[in-house]
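Report on the structure given below.
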Amino acid sequence: MGYRRRKSRRDKLIEEQPGNEADVKEPSQPSFSQLSQNIEYLTKALKHSNDLKIRILQDGQAALLFFETLSDQEKLQANIFTPIESGNFDSISKLPNGKKTDDLEEALKVLLRGHALYIEEGNKSLVYFTVTTTYNRNVKEPDNEKVVRGSHEGFVENIMININLIRKRLEHRDLTIKYFRVGKKTNTNIAIAYMDGITNPELVKEIKKRIKSVTADTILSPGFMEEFIEDNPMSPFPQTLSTERPDRVIANVMSGKVALLAEGSPTVLILPSTFFMFYQSPDDYNSRWVSGTFIRIIRLMSFLIAIGLPAMYIAIIGFHFEVIPDDLVSPVKSAIEQIAYPPFVEAFIMVIIIELIREAGIRLPQPVGQTIGIVGGLVIGDAVIRAGLISNLMVIVVALTAIASFVVPSHELSTTLRFLTFPLIILASTLGFIGIVFGIMFILIHLVKLESFGNPYFAPVSPLRIKDLKDTFVRLPLFKLTNRPNDANPINEKSMGESREWKRSGKSKKSRQTKGTTQPK
Amino acid sequence: MENPKNQGKQKGQPNQNDAAFFNNKISRLQFFFLIVQTQIGVGVISLPYNLQQVAKQDGWISLIGASLIVQLIMFLHWLLMKNTPKQHLFMNLENILGRWIGKASTLLYSLYFIAVGALILILYTRIINLWMLINTPKWVLMAFMVAAGLYLISGTIKVLARAYTLFSGLMIILIVSLVYGIRDAHLIFIFPMGVEGLEPILKGVNEGILSLLGFAFVLIIYPLVEGTNKEKLKTIFYTQWFVLGFYLLVVFSTFTFFGAKEILLVPQPVLYMLKAYEFSVVERLDLFFISVWVVSVTTSFTTYLYMSGKGLKHMFNSKREMPFMIMMAIVAFILALTIGSGEQRIDQYGDVVMKFGYLFSGSLPVILLLVLFVRKKKHTGSGSK
């Protein structure tokens, strides 16, 4: 990809329009001087919707238009009528908090945004007031990304509050927010956030290009955007990290990545993403680095267990029984002897049952969901073994696999892992170990080929970047992570200077002192 | 360093169809693993047996000799590539030998490479059928390998380099299991040294070189590697030392484990050696060894497939690469299936292909180098008049 070469440093390449160019080409309609004509145009354009309220003022000489479903009555009162009643202003059009336009098409747009529109007879300029109503929930911790230590705030459905959460944590003038409007009909407000001077300008340019080329009518959530802008939609692997945690977004933005926010969704996408980012959790950084490393290695091992364990078990039972050590042979043999089905069918049934229980547990209200988990997990599991349909070893294997797949801190990747088990099970049951080797080889080749916004997805392992391994399989102490990871090709690589000088200089001072004779006894 | 006149001459050559190829850059580490992964492959399992057959306990001396010869040849390759910057083997063939001879030899190269590819397929299926999956039809095993190779190639050469580097991590497993075998080494088995005289050792050198073939890949990817010529030469030597070290490990651990007489009874000494070990968690280490070894074989096969497809593409002066790769994959598949499973036929076929290896990997590039030097001399001679 072109922008991976860093030749155009920080030039004014991206000094383009701040977003709404798509609107430029929209039709415009100059307003009429007659009030009735104006109102007729607007009501017709809005298809005579019943929630559009028209308040006639000044004996039919003026009108106030607003959507009662979008506007806040109290704000309407406070912003427009209270100042008039106080007598300081003689006309609504002269209120200082009103904005003027003489384009009816624009007036339509602001009406749909929840503003109130004031029109006067014989006056071409239309005045509108911000009276938008919003319903927000609290910034509580997201249920799917809980942490033990650290911030318990999460994004909400309002993009302004979300940006506020970011800005509050990143008080720097380089934090840049750019708005876009996508979705021809839904007109969804989306924003990207990045650090100017750290993020590669070519990356920002590429993301803007991709966002602008979306022509769909409906964009409901970042999930929609994800499919439109990602590099390889055919891949089972998610190529953009989605998170609801402000601290995770900040950490990524500070390492030169771009965050994509959308109105109406608490999910924020991080572009570009790498495979190993899905295995990093804020908890790793909140706890001590040794325990953070330990947990992360466990998590990465869960990747191997999740995709490989059932396949391995089937291959051993079906093809390479000789791999099992002598002492284990008889217990294994007795466990699988009475089972009517081949291990492949067994595994398939069990994996499907687990998926059913999981899906049912999510959709049902929580108390019922738990019951389903117990009934499904314990009762079915036990009964299925007693009935002799499935061996107890297989239940252990599949249950372990399911648990391992839930360890990933990202829901998307966890689904991918559980999905990838199937081809490997099929390969293992046809070719044994060789099948597994080829299956894993195919997955690895795919991962190596995959790119997220022009950056290799499997970095820093392939292509190998030894420096970036500091925060991949292990997490070294924070003061050792002096360079930003190279995942997004940041133009400013250094993230800190010397922070623990006091230790070294203190030591040297001490040694010098002990050498001298001035040491008091 | 380079002759400016020479460069100017080559710039005029039509090489647009490879512009995309030259846009890729490979780091020296990736270069290292590309060569290593190509050289280490099918040979690992039967190398000690082949060496023992001709050179007895002095097989390891033969191996070192073979490596020295290969290093010399690779030095000559390097000289050729150094003097023809931004040109890979197939371009050199046309530029130096003339258009039609060049095209003909490109075709021959492609056929040779795919013949090696087919041989790799045959040897790999033979081992798998012998050790792991006795009843699985050959074509299934071959189809998997061909598919994996094609999938690897379908990206750019960069993907190939990245994947080879990633897969090289698996070699640690091979090395560790071999080192484990050294525990039971009886050094007495490699003595007495050199009692048989020089002749068997020289014969062994032949066997050794055969297991080191694959270095011709340098001729194709050399122009893509980042760094000065000197650095690249260093990397080339590092690869050879690494491969030599690995093969010596294979030979030493098996020679000292079995002894001269026994090894002649076990055509796959490495696997027999690993089979003997038992752990409390798993047994039959050989099965895991084969599983990892399959990856190394796939990379070797992929390289040959890539080189032959690339040659064919260059011959037809085409912009697209994949059709030729698929064509060559099918050729390899059919060739491997028609040779079949008769031990004698496989051995004969192997012998013929390996003999051609001397011609294509050794002699022809050296001839190219000589022609280039003679011409250069003429050129500078006439220039000074």
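The values are calculated or read from the model by the stated rules, or taken from the named source; none is laboratory data. Fair warning: this is a prediction, and the values are worked out from it, not measured in the lab. As a convention, Cβ positions derive from the backbone with ideal geometry for all residues, glycine included, and neighbour counts pool all protein chains shown. Quick note on the areas: whole protein, heavy atoms, side chains included, nothing else; ligands and nucleic acids left out. Shrake-Rupley method; radii C 1.70, N 1.55, O 1.52, S 1.80 Å.
Among all residue pairs at least 6 apart or on different chains, which show Cβ distances below 8 Å where the first residue, located in segment B:151-168, is more than 7 Å from chain A (Cβ to nearest Cβ) and in a loop (DSSP other than H, G, I, E, B) and the second is open to solvent by less than 10 Å² (accessible area, probe 1.4 Å) and not polar (S, T, N, Q)?
B:154/B:325
Looking at segment B:286-317, which of its residues are at the interface with another protein chain (Cβ under 9 Å from one of its Cβ atoms) and within 20 Å of residue A:329 (Cβ to Cβ)?
B:287, B:288 - these are the residues of segment B:286-317 that are at the interface with another protein chain (Cβ under 9 Å from one of its Cβ atoms) and within 20 Å of residue A:329 (Cβ to Cβ).
Rundown of residues vs (1) open to solvent by 60 Å² or more (accessible area, probe 1.4 Å); (2) at pLDDT below 85, yes/no style:
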| site | (1), (2) |
| --- | --- |
| A:3 | no, yes |
| A:8 | no, yes |
| A:20 | yes, yes |
| A:42 | no, no |
| A:53 | yes, no |
| A:66 | no, no |
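Kindly provide the set of residues from segment A:464-496 that are open to solvent by 20 Å² or more (accessible area, probe 1.4 Å) and within 14 Å of chain B (Cβ to nearest Cβ), ordered by number.
Passing the criteria: A:464, A:465, A:466, A:467, A:469, A:473, A:486.
If a residue has to be open to solvent by 10 Å² or more (accessible area, probe 1.4 Å) and among the small types (Gly, Ala, Ser) to count, how many in segment B:40-96 make the cut?
Qualifying residue count, segment B:40-96: 3.
Of the residues A:359, A:322, which single one is free of Cβ contacts under 8 Å to residues at least 24 places away in the same chain and within 14 Å of chain B (Cβ to nearest Cβ)?
A:322
For residue B:318, all conditions in the list (1) surrounded by 20 or more Cβ atoms within 10 Å (Cβ to Cβ); (2) over 21 Å from residue A:433 (Cα atoms) hold save one; what is the number of the exception?
(1)
Hey, can you tell me all the residues within segment A:458-492 that are without any contact (Cβ under 8 Å) to a residue 60 or more places away in the chain and within 16 Å of residue B:162 (Cβ to Cβ)?
Filtering segment A:458-492 down to residues without any contact (Cβ under 8 Å) to a residue 60 or more places away in the chain leaves A:462-470, A:479-483, A:486.
Correct list: A:462, A:463, A:464, A:465, A:466, A:468, A:469, A:486.
More than 14 Å from chain A (Cβ to nearest Cβ), farther than 30 Å from residue A:319 by Cβ, part of a helix (DSSP H, G or I) and open to solvent by less than 10 Å² (accessible area, probe 1.4 Å), is that true of residue B:355?
The answer is no for residue B:355.
Looking at residue B:227, is it away from chain A (no Cβ under 14 Å) and either in contact with a Leu (Cβ under 9 Å, 6 or more places away or on another chain) or over 19 Å from residue B:25 (Cβ atoms) (or both)?
Criteria not met by residue B:227.
Which is open to solvent by less than 20 Å² (accessible area, probe 1.4 Å) and not charged (D, E, K, R), of A:273, A:291, A:287? Outline the logic, then answer.
Details: A:291 fails: open to solvent by less than 20 Å² (accessible area, probe 1.4 Å); A:287 fails: open to solvent by less than 20 Å² (accessible area, probe 1.4 Å).
On inspection, the qualifying residue turns out to be A:273.
Does segment A:84-113 hold any residues that are acidic (Asp, Glu) and closer than 18 Å to residue A:131 by Cβ, and which are they? Working first, answer last.
From segment A:84-113, those acidic (Asp, Glu) are A:85, A:90, A:102-103, A:105-106; that's our starting set.
If the condition is that a residue be acidic (Asp, Glu) and closer than 18 Å to residue A:131 by Cβ, then A:85, A:106 are the ones that fit.
In segment B:179-287, which helices (runs of 4 or more DSSP H) lie fully inside it and hold 3 or more residues that are open to solvent by less than 20 Å² (accessible area, probe 1.4 Å)?
Of the helices (runs of 4 or more DSSP H) lying wholly inside segment B:179-287, those with at least 3 residues that are open to solvent by less than 20 Å² (accessible area, probe 1.4 Å) span B:198-212, B:218-221, B:229-258, B:269-275.
Applying the selection to segment B:327-341, what residues are outside any helix (DSSP H, G or I) and either open to solvent by 60 Å² or more (accessible area, probe 1.4 Å) or in contact (Cβ under 8 Å) with a residue 40 or more places away in the chain (or both)?
Our first condition is that a residue be outside any helix (DSSP H, G or I); within segment B:327-341, this holds for B:340-341.
B:341 - this is the single residue of segment B:327-341 that is outside any helix (DSSP H, G or I) and either open to solvent by 60 Å² or more (accessible area, probe 1.4 Å) or in contact (Cβ under 8 Å) with a residue 40 or more places away in the chain (or both).
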